[in-house]
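Report on the structure given below.
No value in this document is a laboratory result; all are computed from the given coordinates. The model shown is predicted, which means the values in this text are computed figures rather than measured ones. Counting neighbours? That spans all protein chains shown, and the Cβs are built from the backbone with ideal geometry, glycine included.
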Amino acid sequence: MGLTNGLNREELLSRLREDSRYDAAVLRIAEADYGCEEPPEDAPELVWLLALRADGQERSMEIPASAADALSLSEGKLFRLADLK
């Protein structure tokens, strides 16, 4: 899987394992898929995130766009999963 910033999965995992401050990295980030349903008006805007954990596992999740913005998440960025809460 190639990332748009030029890093591949193995390089990203290596960077992640070398920096103990972080436990995850962004593989992909995109608008959340609401399917054919519209989200409730009072619901926060969501983004879909595919994260690579330091143990090599991938985690797919929808998170508030405000959390992604606060952490400046983009493909290849290292972050702490706990900071998403």
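Computed extension length for Asp42-Ser60: 4.1 nm, one decimal, from 0.36 nm per residue of separation with the Cα-Cα distance subtracted.
Projected onto their three principal axes, the Cα atoms of the stretch 37-85 cover extents of 37, 22, 18 Å, largest first. Each residue, Arg15 and Ala82, gets one label point 7 Å from its Cα in the Cβ direction; the gap between the two is 2.3 nm.
Working note: Cα gyration tensor of the chain, eigenvalues times five, square-rooted, sorted largest first, giving semi-axes of 25, 14, 10 Å.
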